[in-house]
Structures are given as structure tokens and as C-alpha cells.
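Since the structure comes first, as C-alpha cells, the remarks are kept for the end.
The values are calculated or read from the model by the stated rules, or taken from the named source; none is laboratory data. Bear in mind the structure is a predicted one, so any value in this text is a computation, not a measurement. When we count neighbours, we look across all protein chains shown, and the Cβ atoms used for this are built from the backbone with ideal geometry, even at glycine.
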Amino acid sequence: MQKSAAVVCLPTYNEAENIGPVIDRLLEALPSLDVLVVDDGSPDGTGDLVAERAASDPRLGLIRRSGRQGLGTAYLAGFRQALEGGYVHFLTMDCDLSHAPERVPALIAAAAGGLDLVIGSRYVAGGAIEGWGPHRRVLSFGANSFARAWLRIESHDCTSGFRCYSRRAAELLVNSPVRASGYSTLVELLVRCQRAGLAVGEVPITFVDRVHGKSKMSSREMLEGVRSVVTLGSALAREPRLPASIGEEGRAGAGAIR
Ligand SMILES: Nc1nc2c(ncn2[C@@H]2O[C@H](COP(=O)(O)OP(=O)(O)O)[C@@H](O)[C@H]2O)c(=O)[nH]1
Ligand SMILES: [Mg+2]
């Protein structure tokens, strides 16, 4: 396995129109990249499309789960399998082209500079959002600001799903008692890395609203996410801190990298 080997864990639920272009653009973006799709029995046949393609493409893998089980467990199922593959970088992104596959090398380059978690960020200089109206912008920025303040998160975009984790970050997370689901899972995974003293940084991305398919983020899910960020704060306060040995080297990298 090459030193730069990276895998993108791609959670999917009803992304039949997007999955082909996302995989094409990812495989094109970097020759050393593999893709692992985690599909939750999408009724629109996303899993079948991937299975067909994976049969003849060794760079593509598929985990099929029965029924929608949430984003958090999808990431962790992907990491658990990918950790057996000896990868160095473990990426996650949405499968709706909101996250440009061409930005993957920038995340990996920042990670290779010594970060354990690199976030593709909408809220640092150079970051942007295209295609969202004021309502969704305010909701996202509000949920993000609330989670940052409540959990004392240093990163500016704590709900972005476009990320690159190091091997030790992926190992930490699969062995953590991750409890949140939905948007708050992203917050929890970040908080767990920050609390373990891992080095976290951000690179700017331009987030583009999805063109095909529907967002799975409803107002109800967003409210539920805020509620679970609140309870996450108290649950984390009761948990013992991880040994400092994980990350004494780490804390420098909270800034943005271009
Ligand atoms: N496997 C799996 N994927 C999911 C689930 N919920 C959402 N996704 C995927 O997670 C990504 C983010 O969801 P999306 O609907 O784009 O949320 P938004 O970006 O907040 O609007 C997409 O690739 C979805 O297909 C789930 O329960 N299981
Ligand atoms: Mg999306």
C-alpha cells in the first residue's frame, strides 16, 4: 500500500442520479484513491448501481446495510472496514456533488502536513456556499455557531461532512462510544478528535447545493440535532478525558490552510 493511499467513505441514501458522477470524478481526481460506498438499502437502487460497477472495478467497494441507519454509523462502518485496508487517509463526503471531488487532493495535502482531521470548511476565508437561500444559510450558520459555542469547538465549520481523518483519528472514532446521529454526529466526531488532542485544521471549500435528489436534512432533523448537541455537552462532561499521550504534538493546527 502506498504511503499516500486514501479512501473516501461515501454514505448514500437514494443517490442514484449522483453516484455515477461522484465516483467518476473521485477516481479521476487522484489515482491513489479508493472509494467505499456505504448504502442503507436505498429504495432507488443506488446500491445495485454500485454493486454492478464494483464487480469490475477494484478501486470501488460497497457495504450494504438494510434500511436507513443514519450518517454516523455509516461513517463508522466505512472506517471499520477501511482500517483493515491499511489506508493512510480516511475521507468522508456527501454523495450529492455539494462537495467537489476535485478538492480531495487539497484536503489530503493538508493532512499530509501533519493534521489528524482536515475539514472542508464553508466558514473560513475563501470558503463559500452556492445555491442556498437565506433560510437554509441562517439555519446552518446558526446550528454551527450554537454547537461551536456550546461545545467549545475551535474549528469554524463543525457540521461539514467533507473531511479527511488520519488513521489514528479513524481508530479513535471507531473505538469511541459515538452516540449522536444526523447532523450532530459530525459535531460529535469533531469534538472527540479535539478532546483527544488531535490536530484539527480547515481548508476552504465552495459548497454547492445539490442539483439532483433530495436533502435528507429536514427541519425536524435539524431541531433534533440541536437537542442532541445539548445532551452531548453534558454526556461528554461526565466522560473521562482520553490520555494526553494521543496528541501532545497536536494542538497547533486549528487554523485555516489554503
Ligand atoms: N448510508 C446512509 N447515508 C445517508 C443517510 N442519511 C443521509 N445519507 C447520505 O449522507 C449524505 C448527506 O446527506 P444530505 O441529504 O446531502 O444532507 P445535507 O447535505 O445536510 O442536505 C448524502 O450522501 C446522503 O445520501 C443514512 O441514513 N445512511
Ligand atoms: Mg448534501
ask   = Name the residues in region 33-59 that are closer than 25 Å to residue 112 by Cα and either surrounded by 17 or more Cβ atoms within 10 Å (Cβ to Cβ) or within 16 Å of ligand 1 (Cβ to nearest atom) (or both), would you?
value = 33, 34, 35, 36, 37
request  = Within region 203-219, track down each residue that is more than 7 Å from ligand 1 (Cβ to nearest atom), of a type in the set (Gly, Ala, Ser) and in a loop (DSSP other than H, G, I, E, B).
outcome  = 213, 218
task = Answer yes or no: is there a residue in region 134-141 that is of a type in the set (A, V, I, L, M), within 16 Å of ligand 1 (Cβ to nearest atom) and either more than 18 Å from residue 72 (Cα to Cα) or exposed (fewer than 15 other Cβ atoms within 10 Å of the Cβ) (or both).
result = yes
note = Contact list, first residue from region 164-178 and modelled with pLDDT under 95, second anywhere and acidic (Asp, Glu), beta-carbon distance below 7 Å, six or more apart or interchain, is 178/188
request  = Hey, can you tell me all the residues within region 75-120 that are within 16 Å of ligand 1 (Cβ to nearest atom) and in a helix (DSSP H, G or I)?
outcome  = 75, 76, 77, 78, 79, 80, 81, 82, 101, 103, 104
task = For region 192-213, state whether one or more residues are among the aromatic types (Phe, Trp, Tyr) and modelled with pLDDT of 95 or more.
result = yes
task = Considering only region 24-46, state which residues are within 16 Å of ligand 2 (Cβ to nearest atom) and either at pLDDT below 95 or within 16 Å of the chain's Cα centre (by Cα) (or both).
result = 26, 37, 38, 39
request  = Scan region 206-229 and report the pairs whose first residue is touching a residue at least 12 places away in the same chain (Cβ under 8 Å) and within 12 Å of ligand 2 (Cβ to nearest atom) and whose second residue is part of a helix (DSSP H, G or I) and not polar (S, T, N, Q), with Cβ atoms within less than 6 Å and a gap of 6+ or a chain change.
outcome  = 212/17; 213/17
